[in-house]
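**Student:** The following block contains the structure, expressed as C-alpha cells.
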Amino acid sequence: MTEFFQSLGMSYEWAWGVATVAGILLIALPLMLAVAMIIYADRKIWAAIALRRGPNVVGPFGLLQSFADGLKVFLQETIIPTGANRGLFLIAPIITFTVALMAWAVIPFNSGAVLADINVGLLYILAVSSLGVYGVVLSGWASNSKYPFFSAMRAAAQMISYEVSIGFILVCVVLYADSFNLNEIIKAQQGHGLGIVNAFGFNLLLFPIAVIFLIASLAETARAPFDLTEAESELVAGYQTEYSSMAFALFWLGEYANVLLMATLNAILFWGGWLPPIDWAPLYAVPGIVWLFAKILFFFFVFSWVKATVPRYRYDQLMRLGWKIFLPISLIWIFLISGWLMLTRYS
Amino acid sequence: MIQLIAFYLFATIVIASAAMVIFARNPVHSVMWLILAFFNAAGLMLLAGAEFIAMLLVIVYVGAVAVLFLFVVMMLNIDFAELRAGFVRYLPLGALVAIILAAELIFAVGAWNAGGVDLAVRAAPVVTDKSNIEQLGELLYTKYIFLFEAAGIVLLVAMIGAIVLTHRERGGVRVQNVSAQTRRRPGDATRLVDPGSGQGVEL
C-alpha cells in the first residue's frame, strides 16, 4: 500500500505513515462491525440451542440489536465508585480493548494481506495476549470491591496457567512450519495432509494438540465452560461488576474481539488460514479471505455451541485441567514432534 | 526520521516511567509504571533490530514477572506512612547500590569505547538474510550448547528448591481422586433389592 501512496507523489515517510494508518482503519473498523454482528450471532445460536427466539425486535430479524445495545450503553452515565482508584479504574477497560485490537496487526487475511509482516508474528501474538490479563486484574483491584477482586485473582491465575500450555502448543506448530511468521505457517500447510489437504489439523501427530489448543483458547478468553471470572452465580458479574456505560462496553467489545482472535488463531495455526481446505486448483479461484472468514465463523460457532451446552467448571477442576493434564501432554508432544521431525526431516 | 522520533519517544518514556516507579505514592501505580518501562525498553530493542529479544522481554517480564509483582502488591495491605518512614533509613544503602550501578555502566561503556573489541567487528553489519531467531538458535544450540544446558539446569534446581522450601506436608487431608470418581459406575455404588413386607433391608 505504501507504493500506492508513493505513486500519488508523497515522500516515502509520509506514504508509509498514511498507508499504515489506512491499514489500521481497514482492519479495526470492520473488526468492530464484526464484533457487533458476532454478539448478535452468539445470542441467536444460544437462543436456538435453548429453543428460544433470541433478539428479534430491533431491525429485521433483530439484526440491529447490538447497535441498539451500544447506543443504550453510550447514553448511560459513567459511574465511578467513591472508593475506587480513579485512574486505574478508567484505564483498565481501555487496556483490555486496545490489547484485543493490537494482536490483529499480524493476522494475515490473504497471501500478503497483512498489516505487519514481521518474522516474530506468533511471538508478538503471545506477547500481546499475555497483556490481556492486566485489564482484568486492574479493573478488579481498582474497583475496591470484593467480588471484582476475587474475579481478578481468578482471571490472572487462569490466564497464566493456560498461556503456558498454549505457548508449548505454539512451539509444536512452529517446529512443523519452520517459521514464526504467520503467513509462512499458513503456506507450510499447503498440501500437508497426504498432499491434498491444506491443514496441520489432519496430521495425526498434530490433531491432539489442535483439540487442546481449541479448549485452551476457550479458557484463555474466559468463555464458558471456563467463565469463572464472571461466574454470575458466585461473583455477580466478576471484574465488570462496578462498571457502567462506555467502560463496560469497552470490556464487552474487547472480550468478543479476543474471542474472534482466538477463533482466527485456531483457523490459521491448524486449519490452513486463508488456504482452501483441499489443495485443488479451482478452489483457489475463491479469494483467500472468504476461506479464512468461513473458518473463523465455524470456530466461533463451536465456541457458542460449547457455551450453550457445557456446564461451568469448578475452579479446582480448571486448574487441574491446565496444570496436570494440558501441560504434561503439550510437553510430551514437543518431544514427540521434535523427535519425529529429527527422524523424517533432518536426518 | 521515523526511527529517530521513535527512539527519542521510547527513551524518554523509559526514563520518565522508571523515575515514576520510585516517585509514585501507590505501589500498584509503581508496578504499572514499571510495566510501561519494560514495554518501551522492548520498543528500543525493536529499533536495535533485536525483535526476538523485544518480544521475549514483553512475554517474560510484562506477561509473567510483572503479573506476579502486581499480585503480591495487591494482596499486601500496605501502609503508606510506614513505607515513607523507612525512606531515610534505607537511603545510604539505596545510594550505594545506585552508585555501584552507575559506575558499572560508565565502566562498561568506557571499556567498549576504549576498544579491545575491534571497531570493524563492532560496526560490521549483521547478516540480514537470516532472522535473528535463527541466528540466536544456531549459536545457542551449537557453540553455546553446554552453557545453555547449564542455565537450564540452574533454573530447574531453583524451581525444585523453591518447591522443596515452601512445600509442607499436611496430614489428614482428604484429596479428591478424579480418576477413581470417573471410574465409579452405578453398579459399584447401588444395589437393587426387593424386600418382602416386614423384612427390612440388610445394609
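**Student:** Within the stretch A:128-143, which residues are among the small types (Gly, Ala, Ser) and facing another protein chain (nearest Cβ under 7 Å)?
**Tutor:** A:Ser130
**Student:** Could I ask something else about it? For A:Gly191, state whether it is outside any helix (DSSP H, G or I), at pLDDT below 85, surrounded by fewer than 20 Cβ atoms within 10 Å (Cβ to Cβ) and not hydrophobic (A, V, I, L, M, F, W, C).
**Tutor:** Working: outside any helix (DSSP H, G or I): yes; at pLDDT below 85: yes; surrounded by fewer than 20 Cβ atoms within 10 Å (Cβ to Cβ): yes; not hydrophobic (A, V, I, L, M, F, W, C): yes.
Answer is yes for this residue.
Okay, residues lined up against (1) at pLDDT below 85; (2) touching a Leu at 6+ places or on another chain (Cβ under 8 Å); (3) of a type outside the set (Gly, Ala, Ser):
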{"site": "B:Phe69", "(1), (2), (3)": "yes, yes, yes"}
{"site": "B:Ala81", "(1), (2), (3)": "yes, no, no"}
{"site": "B:Leu93", "(1), (2), (3)": "no, no, yes"}
{"site": "B:Ala111", "(1), (2), (3)": "yes, no, no"}
{"site": "B:Leu119", "(1), (2), (3)": "yes, no, yes"}
{"site": "B:Val127", "(1), (2), (3)": "yes, no, yes"}
{"site": "B:Thr142", "(1), (2), (3)": "no, no, yes"}
{"site": "B:Glu149", "(1), (2), (3)": "no, no, yes"}
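**Student:** While we're looking at this one, here's another question. Residues being touching a residue at least 12 places away in the same chain (Cβ under 8 Å), among the small types (Gly, Ala, Ser) and within 11 Å of another protein chain (Cβ to nearest Cβ): count how many of those fall in the stretch B:23-75.
**Tutor:** 4
**Student:** With the requirement that a residue be in a helix (DSSP H, G or I) and more than 8 Å from every other protein chain (Cβ to nearest Cβ), what does the stretch A:116-127 give you? Let's see the steps before the verdict.
**Tutor:** Applying the first criterion (in a helix (DSSP H, G or I)) to the stretch A:116-127 yields A:121-127.
Result: A:Gly121, A:Leu122, A:Ile125.
**Student:** Going through A:Ala47, A:Ala105, A:Ala113 one at a time, which residue ends up being away from every other protein chain (no Cβ under 14 Å) and over 29 Å from A:Pro225 (Cβ atoms)? Can you show your working first?
**Tutor:** Details: A:Ala47 fails: over 29 Å from A:Pro225 (Cβ atoms); A:Ala105 fails: away from every other protein chain (no Cβ under 14 Å).
Only one candidate passes the filter, namely A:Ala113.
**Student:** Quick check: is even one residue across the stretch B:171-180 away from chain A (no Cβ under 13 Å), modelled with pLDDT of 85 or more and farther than 30 Å from A:Asp178 by Cβ?
**Tutor:** So far as the stretch B:171-180 goes, yes, one or more of its residues are away from chain A (no Cβ under 13 Å), modelled with pLDDT of 85 or more and farther than 30 Å from A:Asp178 by Cβ.
**Student:** Sticking with this one: Filter the stretch A:309-318 for residues that are within 16 Å of A:Ser233 (Cα to Cα) and either in contact with a Cys (Cβ under 7 Å, 6 or more places away or on another chain) or assigned to a helix (DSSP H, G or I) (or both) and give the result.
**Tutor:** Hit for the stretch A:309-318 is A:Tyr315, nothing else.
**Student:** While we're looking at this one, here's another question. Given the condition farther than 28 Å from A:Asp316 by Cβ, within 11 Å of chain B (Cβ to nearest Cβ) and either part of a helix (DSSP H, G or I) or not small (Gly, Ala, Ser) (or both), answer yes or no: does some residue in the stretch A:144-166 qualify? Lay out the reasoning, then the answer.
**Tutor:** Taking the stretch A:144-166 and keeping what is farther than 28 Å from A:Asp316 by Cβ, we get none.
Taking every residue of the stretch A:144-166 in turn, none turns out to be farther than 28 Å from A:Asp316 by Cβ, within 11 Å of chain B (Cβ to nearest Cβ) and either part of a helix (DSSP H, G or I) or not small (Gly, Ala, Ser) (or both).
**Student:** If you take the residues of the stretch A:242-288 that are under 30 Å from A:Phe149 (Cα atoms) and part of a loop (DSSP other than H, G, I, E, B), which of them is modelled with the highest pLDDT?
**Tutor:** Filtering first and then ranking leaves A:Tyr243.
**Student:** Working only within the stretch A:57-87, note down all residues that are acidic (Asp, Glu) and either within 14 Å of another protein chain (Cβ to nearest Cβ) or in a helix (DSSP H, G or I) (or both). Spell out how you get there, then give the answer.
**Tutor:** Applying the first criterion (acidic (Asp, Glu)) to the stretch A:57-87 yields A:69, A:77.
Listed by number, the list holds a single entry, A:Asp69.
**Student:** Among the residues of the stretch B:161-188, which ones are polar (S, T, N, Q) and assigned to a loop (DSSP other than H, G, I, E, B)? Spell out the reasoning first.
**Tutor:** Step one: filter the stretch B:161-188 for residues polar (S, T, N, Q), giving B:166, B:176-177, B:179, B:181-182.
Within the stretch B:161-188, B:Gln176, B:Asn177 meet the criteria.
**Student:** Can you tell me which condition A:Leu29 does not meet? The list is (1) exposed (fewer than 13 other Cβ atoms within 10 Å of the Cβ); (2) not in a helix (DSSP H, G or I), and all the others hold.
**Tutor:** Result: A:Leu29 passes all but (2).
**Student:** Which of the residues belonging to the stretch A:172-183 are within 12 Å of chain B (Cβ to nearest Cβ) and touching a Ser or Thr at 6+ places or on another chain (Cβ under 9 Å)? Spell out the reasoning first.
**Tutor:** Of the residues in the stretch A:172-183, the ones within 12 Å of chain B (Cβ to nearest Cβ) are A:174-175, A:178-181.
Listed by number, the residues that qualify are A:Leu175, A:Ser179, A:Phe180, A:Asn181.
**Student:** Do you know which of the residues in the stretch B:132-168 that are out of contact with any helix residue (DSSP H, G or I) (no Cβ under 8 Å at 6 or more places or on another chain) and of a type in the set (Ser, Thr, Tyr) is surrounded by the most Cβ atoms within 10 Å (Cβ to Cβ)?
**Tutor:** Applying the first criterion (out of contact with any helix residue (DSSP H, G or I) (no Cβ under 8 Å at 6 or more places or on another chain)) to the stretch B:132-168 yields B:134-135, B:137-139, B:142-147, B:149-168.
Pick out the ones that are also of a type in the set (Ser, Thr, Tyr) and you get B:142, B:144, B:166.
Numbers: B:Thr142: 9, B:Tyr144: 13, B:Thr166: 7.
Only one residue fits best here, namely B:Tyr144.
**Student:** Restricting to the stretch A:206-216, give me the number of residues that are within 17 Å of A:Ile160 (Cα to Cα) and surrounded by 24 or more Cβ atoms within 10 Å (Cβ to Cβ). Write out each step before concluding.
**Tutor:** Of the residues in the stretch A:206-216, the ones within 17 Å of A:Ile160 (Cα to Cα) are A:212-216.
Keeping just the survivors that are surrounded by 24 or more Cβ atoms within 10 Å (Cβ to Cβ) gives A:213, A:216.
Adding up the residues that qualify gives 2.
For every residue, the table says whether it meets (1) surrounded by 14 or more Cβ atoms within 10 Å (Cβ to Cβ); (2) in contact (Cβ under 8 Å) with a residue 40 or more places away in the chain; (3) at negative phi.
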{"residue": "A:Ser245", "(1), (2), (3)": "yes, yes, no"}
{"residue": "A:Ala249", "(1), (2), (3)": "yes, yes, yes"}
{"residue": "A:Leu275", "(1), (2), (3)": "yes, yes, yes"}
{"residue": "A:Leu283", "(1), (2), (3)": "no, no, yes"}
{"residue": "A:Lys307", "(1), (2), (3)": "yes, yes, yes"}
{"residue": "A:Pro311", "(1), (2), (3)": "no, yes, yes"}
{"residue": "A:Arg320", "(1), (2), (3)": "yes, no, yes"}
{"residue": "A:Trp323", "(1), (2), (3)": "yes, yes, yes"}
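The values are calculated or read from the model by the stated rules, or taken from the named source; none is laboratory data. As the structure is a prediction and not an experimental result, all values here were calculated from the model. Note that we place each Cβ from the backbone using ideal geometry, even for glycine, and neighbour counts take in every protein chain shown.
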